[in-house]
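Notes follow the structure.
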Amino acid sequence: MRRGESLPRPTTPFLGFARLLRRHAFAIAPEQVTSFMQAVTLLGPRSMNDIREAALATLAPSPDRRGEFEAHFRSYFYGDAKPLIEGEDDQETRIKDDRGTREEEKQIVRQEKGGELSSALERLSSRDFQRDLDDLGSFRRKLASALPARRSFRTARTRSRGTLDLRRSLSEIVSADGDIPWPLLRRRQIVPRKLLLLIDVSGSMKLHTADYLKLAHAAVQGAGRAEVFTFGTRLTRITSALRIRDRDQALARAAAQVDDWDGGTRMGPTLLAFLSVPRFSAFARGAAVVILSDALERGDHAELETAMHRLSVRAFRLSLATPLAGDPRFKPATAALQAMLPVLDDLVDGSSLKSLSNFILSLARPAPAADAIWKRVS
Amino acid sequence: MPEVNAETVATSPEAVAARLAALRYLADDGLATAIFLAIRLGKPLLLEGAPGVGKTEAAKAVAELLGRELVRLQCYEGIDAAHALYEWNYQRQLLAIRHAGEHEIDIYDDRFLIARPLLQVLRAPEQRVLLVDEIDRSDHEFEALLLEFLSDFQISIPERGTIRAATQPIVILTSNRTRELAEALRRRCVYHWIGYPDAAREAEIIMLRAGDVAEATARAVANAVQQIRARPLAKPPGIAEAVEWANAATILEKGGSPWPQAFRRAIGVLIKDEEDLSAIAPELGRIVEEALG
């Protein structure tokens, strides 16, 4: 359409709504806007509900952002007050702590250190990651080939040690007018397993979360299939933010998505919530799962035990990296650690980027079970 | 199955919902609207939702609604063009080459082409409905391969050129959302998220689908299933499981088990995960009692 040529007036509200959505980072293609207007025409429209249904069907908001979409719709077409829009909302997985009140939050004493900060209270806050130049490039480059591998259902051409690729061999014969060339072979591909990082962002892990996020960014960039979640009082998927190549941008976006930085920890319920969403628990199936946490759970640890058991059944290898293990005197003495030790494949030192990246690069190598190692130590 | 004109069936979302209900598939406003729009706009319909909410059933119901044959393409990791689009029948080509001797022969003739689901549908778009089931299980490469088909309803065969559908076929894609689909795919489709139905609607579905279940039983099952789904289970029960549970409990009750016990004994058809069973066991009695009450 030429500049200056205006569209019919009735189309203006629909174009305006699409523009509003685009401003809020909804990916709306021009053809979707056309379909939206066609759909509205087809439906009558007889009521506002028809326009809403047409918008949902053609502009296709992802289920994660459905609430946000509805709020924009109401504010645009009904003139409702502008709602408080959250970043990437995943209503399926958000866990709200109904026990923590604002009053209680104020009473938390900030002088506590390390594990003492672990509490079941939800405290929402934001975090900025300052630029720094430490290099995780080598980790990123090595990761894809260092992860444990599995045989894929897909096959690849090979020169030796494969099964006869009848389809391609016959096609070669046909193109060679019936001559029989050398038979062609295929073999099932070897692909790296998924890597799933679950990062504890509660107050007791405050010193380490910045490093962990940098490592997670390198992992998402380096591995073909890596997923990263943070948990404290809530569960947040930050993989999409970490896919941005520029680390500072990626970490800034991830920091904006997570709103329970340095709050309490409810490890058991958040991990159970992770497992109860089929889309998420599918990430854990056959994956190398690394939990970065001190595993300091307040109160009853029965839910944590159940969650760890379920994770271990799904995962190819389940590891817990805890900064507490950086201390040579560390022993898995807490009730929660004792309970989860039998299902863990590894319980390792997560106090430094170096030890953690070395551990992740060694995931393909077999090691004795965590239980066996730590029994010897204690 | 008499074929009907798509546009005469889809006169309004209400007409679509009424016709689907006559075929024993209850669609809510959103789904009926999405089906209506997909038919009238000539776009593929993408249905997403948790396992067991009736996505595949919706596709079957649409095929029945239009009086067309359903062609189902089940996706899996590693599915490629040879499984979805077409393949050459090499054995027949070889034989033809041998028989031809010195004569010239076109080995890329139609008789050597094996049409897979997408090509079948392109060749006869008005007789078939294509179901691309569980697209989220396929690889990204396969998703990209589908894009040409979904936007222009055409496929390119290098030896033959481009084959285009004369009219737009009805295509329904389903996804359990085990991974994110590409934006390019989503924007080519009419989209609908199917959630679990509320208790009243689920009771209606159970009454329609189950064989010989009393209304009170259907309501109790629907209420109990809502309660069970609210818990953090590894595999929340779908609608089909709820129907099976109602059926199984009715059979047990007729066999002499009193009501609450019949529900408890039939729990294996509702919950098919050992951990979920042990998690729900302590509360099951109370849930069933409340649902029956």
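The values are calculated or read from the model by the stated rules, or taken from the named source; none is laboratory data. None of these values were measured; they are calculated from a predicted model. All Cβ positions, even for glycine, are placed from backbone atoms using ideal geometry, and neighbour counts span all protein chains on display.
Looking only at helices (runs of 4 or more DSSP H) that fall completely inside the range B:64-130, which ones have 3 or more residues that are away from chain A (no Cβ under 13 Å) and not aromatic (Phe, Trp, Tyr)?
Fully inside the range B:64-130 and qualifying: B:117-123.
Residue under question is B:Ala17, and the condition is that it be more than 8 Å from chain A (Cβ to nearest Cβ), out of contact with any Leu (no Cβ under 6 Å at 6 or more places or on another chain) and either surrounded by fewer than 24 Cβ atoms within 10 Å (Cβ to Cβ) or among the aliphatic types (A, V, I, L, M) (or both); does it hold?
Here the answer is yes, as B:Ala17 does meet what is asked.
If you check A:Arg52, A:Arg65, A:Arg74, which single one turns out to be surrounded by 15 or more Cβ atoms within 10 Å (Cβ to Cβ), part of a helix (DSSP H, G or I) and at pLDDT below 85?
Result: A:Arg65 is the single residue among A:Arg52, A:Arg65, A:Arg74 that is surrounded by 15 or more Cβ atoms within 10 Å (Cβ to Cβ), part of a helix (DSSP H, G or I) and at pLDDT below 85.
Please pick out the residue among A:Phe274, A:Phe283 that is within 9 Å of chain B (Cβ to nearest Cβ) and closer than 20 Å to A:Arg225 by Cα.
The conditions single out A:Phe283.
Search the range B:33-53 for residues that are more than 7 Å from every other protein chain (Cβ to nearest Cβ) and over 16 Å from A:Ala60 (Cα atoms) and pair each with any residue that is hydrophobic (A, V, I, L, M, F, W, C) and in a strand (DSSP E or B) when their beta-carbon atoms are under 6 Å apart and the residues are at least 6 apart or on different chains.
So the pair list comes out as B:Val53/B:Ile194.
Sort through A:Pro328, A:Pro323 and tell me the only one that's more than 20 Å from the chain's Cα centre (by Cα), surrounded by 19 or more Cβ atoms within 10 Å (Cβ to Cβ), farther than 19 Å from A:Ala273 by Cβ and more than 14 Å from chain B (Cβ to nearest Cβ).
After ruling out the rest, the residue left standing is A:Pro323.
Check B:Ala200 against each of (1) within 30 Å of B:Leu46 (Cβ to Cβ); (2) in contact (Cβ under 8 Å) with a residue 24 or more places away in the chain; (3) not in a loop (DSSP other than H, G, I, E, B) and name the one condition it does not meet.
Evaluating B:Ala200 over (1) within 30 Å of B:Leu46 (Cβ to Cβ); (2) in contact (Cβ under 8 Å) with a residue 24 or more places away in the chain; (3) not in a loop (DSSP other than H, G, I, E, B) leaves (2) as the failure.
Just to be sure I understand the filter: pairs with C-beta atoms under 7 Å, separated by 6 or more residues or on different chains, first member in the range A:159-178 and under 21 Å from B:Glu104 (Cβ atoms) and at the interface with chain B (Cβ under 9 Å from one of its Cβ atoms), second member aliphatic (A, V, I, L, M) and surrounded by 13 or more Cβ atoms within 10 Å (Cβ to Cβ). Which pairs pass?
A:Leu170/B:Leu94; A:Ile173/B:Leu94; A:Val174/B:Leu94; A:Val174/B:Ile97; A:Val174/B:Ile107; A:Asp177/B:Ile97; A:Gly178/B:Leu94; A:Gly178/B:Ile97
Tell me which of these B:His103 doesn't satisfy, since it passes every other one: (1) surrounded by fewer than 17 Cβ atoms within 10 Å (Cβ to Cβ); (2) in contact (Cβ under 8 Å) with a residue 12 or more places away in the chain.
Looking at each condition in turn, B:His103 falls short on (2).
What's the total number of residues in the range B:222-263 that are crowded, with 17+ Cβ neighbours inside 10 Å and of a type in the set (Ser, Thr, Tyr)?
Number of matching residues: 1.
Given the structure, is B:Ala22 more than 11 Å from chain A (Cβ to nearest Cβ) and either closer than 16 Å to A:Ala39 by Cβ or surrounded by fewer than 22 Cβ atoms within 10 Å (Cβ to Cβ) (or both)?
Yes, satisfied.
Go through the range A:309-361 and count every residue that is at pLDDT 90 or above and touching a His at 6+ places or on another chain (Cβ under 6 Å).
2
Can you report the number of residues in the range B:45-69 which are of a type outside the set (Asp, Glu) and touching a Pro at 6+ places or on another chain (Cβ under 9 Å)?
Counting residues in the range B:45-69 that are of a type outside the set (Asp, Glu) and touching a Pro at 6+ places or on another chain (Cβ under 9 Å) gives 7.
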